[in-house]
1. In whole Hz and in residue order, list the ³J(HN,Hα) couplings for segment 210-220 that follow from phi through the Karplus curve 6.51 cos²θ - 1.76 cosθ + 1.60, θ = phi - 60°; x for Gly and Pro.
2. Let a ≥ b ≥ c be the square roots of the eigenvalues of the Cα gyration tensor of segment 1-75; is it rounded (a/c under 1.5), or, if not, prolate (a/b larger than b/c) or oblate?
3. How much length is gained if the chain between Gln221 and Ala137 is pulled fully straight, taking 0.36 nm per residue apart and subtracting their Cα-Cα distance, in nm to one decimal?
4. Any chance you could list the semi-axes, whole Å, largest first, of the equivalent ellipsoid that the Cα gyration tensor gives for segment 112-190, using √(5λ)?
5. Given a Förster radius of 35 Å and the C-beta distance between Thr124 and Asp152 as r, what FRET efficiency does 1/(1 + (r/R0)^6) yield to the nearest 0.05?
6. Between their Cα atoms, which of Lys142/Lys163; Lys80/Lys142; Lys2/Lys92; Lys2/Lys142; Lys2/Lys163 are more than 21 Å away from each other?
7. Please give the length that would be gained between Asn66 and Arg111 if that part of the chain were fully extended, namely 0.36 nm times their separation in residues minus their C-alpha to C-alpha distance (nm, one decimal).
8. Mind running the shape call on segment 129-169? Use the C-alpha gyration tensor, a ≥ b ≥ c as the square roots of the eigenvalues: rounded below 1.5 for a/c, prolate if a/b tops b/c, oblate otherwise.
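Read the figures in this text as sums done on the coordinates, not as results from a lab. It should be emphasised that the depicted structure is a prediction, and the values quoted were computed from it without experimental measurement. Positions of Cβ are generated from backbone atoms using ideal geometry, with glycine treated the same way; all protein chains shown enter the neighbour counts.
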Amino acid sequence: MKQILLITDGCSNVGMSPIVAAAHAKAEGINVNVVGVLDQGDVGELGAAEIEEIARAGGGLSRMVNMRQLSQTVQMMTRKTVVQTIQLAVQKELKHVLGNGSIEALPPEKRGEVVRVIDELGETSGLQVALLIDASASMKPKLAAVEEAIRDLMLSLQARQGKSEIAVFHFPGTRHGDDCIMDLAWTSHLNGVHSIFPKLQMGGTTPTGPAIMHVVEFYRQGQGQGSVHDYGAMGDYGRRGRQETDGMMGDYVV
């Protein structure tokens, strides 16, 4: 199972619409979850609406949190999306076999058996989480909370029975250059996480849409072997601008 977990305070302002980019991710079988990091209400209505729409288009979850809640929320959303993905697959199979896609429509004993299977699969299925961190200037005061959340998520993933891997990206890559940079390729270990944050250059614009597409391309191209730059520039997505802003919307799950 594949996820993008976007941590941002909203208000993208460069390149392709992040809503359209999230829809592209969903079409590739990648759920997009979005955590909006609040600090005394500094995410305005526009940013909050964008965060919700990105998650809706990406078939994932969105949550608005303050820095103290970030770590717990990141873990919850990751696990909840796994269960949600499995549940949708089970319901699809039920519809195919029984002509009814609702688990609630099953007899109580069968329903309990299906729920147990879903819980077990949620713990044992393979999982890849690509963390995408907004490193624009407004996120600088929140960086310590993001670092703590990633470390806690790594510990949580290591506790699962199934294989779990994490990769880490940030955007913008530079103030005037790359839309997105890979900080850590797929790993199931904590080694390397500690070295990411001192290197981050906080500031610049917020190219959320191009950054999402960069991670989608990362998934496409051999599961993240080598540098992000090996996958080719994502400038085509940035140059499309904001014209791709409607359609291609997925189901939003709360």
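1. x, 5, 4, 5, 4, 5, 4, 5, 4, 5, 5
2. On the way: a/c = 2.56, a/b = 1.31, b/c = 1.95.
Judged from the Cα gyration tensor, segment 1-75 comes out oblate (a/c at least 1.5, b/c at or above a/b).
3. On the way: separation 84, 0.36 × 84 = 30.24 nm, distance 3.01 nm.
Length gained, Gln221 through Ala137: 27.2 nm.
4. Numbers: eigenvalues 194, 34, 26 Å².
Over the Cα atoms of segment 112-190, the semi-axes work out to 31, 13, 11 Å.
5. Working: r = 21 Å, r/R0 = 0.61.
That pair, Thr124 with Asp152, gives E of 0.95.
6. Working: Lys142/Lys163 30 Å; Lys80/Lys142 24 Å; Lys2/Lys92 19 Å; Lys2/Lys142 26 Å; Lys2/Lys163 12 Å.
Pairs exceeding the cut-off: Lys142/Lys163; Lys80/Lys142; Lys2/Lys142.
7. Working: separation 45, 0.36 × 45 = 16.20 nm, distance 3.69 nm.
Gain in length upon complete extension: 12.5 nm.
8. Cα axes put segment 129-169 in the oblate bin.
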